[in-house]
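To keep things clear, I will list the structure first and then write my remarks on it.
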Amino acid sequence: MSPNAERKYRAATAFQRRLNPIMRRLPLQTVLETTGRTSGLPRRTPVGGKRVGDSFWLVSEFGERSQYVRNIKADPRVRVRIRGRWHPGTAHLLPDDDTAVRLRSLPVMNSAAVRAIGAGQLTVRVDLSG
């Protein structure tokens with residue numbers, strides 16, 4: 001990772017560490033719940049994305065460096081809270097997906113933030129089962 005990308009990563013994670021506890025409590029905020037790969041505890045991360053049919057799509061701004069992506073690699077069973085309702089599903093990491101194109105199909109504000117902050121983005125598709 002370049003020095004500039006590393007600075008972005010450190011700044012973003014410090015900011016998110018403070019903002020995420022507030023955001024995940026908002027009833028209409030979309031939240032991704034993974035299982036901690038070490039602790040086994042539920043880990044909830046506010047995300048931006050979009051439901052398309054029986055799938056939920058999002059782009060991780062730091063790809064495989066994101067903690068929730070690491071958790072998905074260890075256990076792809078997740079839940080997504082969309083409009084206040086929890087949906088169980090299975091997450092799939094899509095490294096061959098064109099994140100620039102994908103971001104154009106997702107919510108504008110979140111996509112702009114992912115483009116501005118991110119480095120090494122990664123598309124995630126969650127196949128919803130409930």
Determine ³J(HN,Hα), in whole Hz, for all residues of the range 35-47 in sequence, where each value follows from phi through the Karplus function 6.51 cos²θ - 1.76 cosθ + 1.60 and θ = phi - 60°; x replaces Gly and Pro.
9, x, 5, 9, 7, x, 8, x, 10, 10, 10, x, 9
With a 10 Å cut-off between alpha carbons and a GNM built on the chain, which of THR38, THR30, THR13 moves the most?
THR38
If you work out log10 I(q)/I(0) by the Debye sum over Cα atoms at q = 0.10, 0.14, 0.17, 0.20 Å⁻¹ from the coordinates, which of [x] -0.36, -0.65, -0.89, -1.11; [y] -0.28, -0.58, -0.88, -1.27; [z] -0.33, -0.67, -1.01, -1.36 do you get?
[y]
Using a simple charge model, +1 on the beta-carbon of Lys and Arg, -1 on the beta-carbon of Asp and Glu, nothing else, what dipole does the chain show about its Cα centre, in debye to the nearest 20?
580
Taking DSSP loops as anything outside H, G, I, E and B, show the longest stretch in the chain free of trypsin sites (Lys or Arg not before Pro) there with at most 12 other beta carbons within 10 Å.
26-82
Paramagnetic reach from ALA116 in the range 45-68 [backbone N under 18 Å; point 7 Å along Cα→Cβ]
47-49, 59-62
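Each reported figure results from applying straightforward, stated rules to the coordinates on display, with no laboratory input. On a predicted model such as this, the values are computed, not experimentally measured, just so you know. Positions of Cβ are generated from backbone atoms using ideal geometry, with glycine treated the same way; all protein chains shown enter the neighbour counts.
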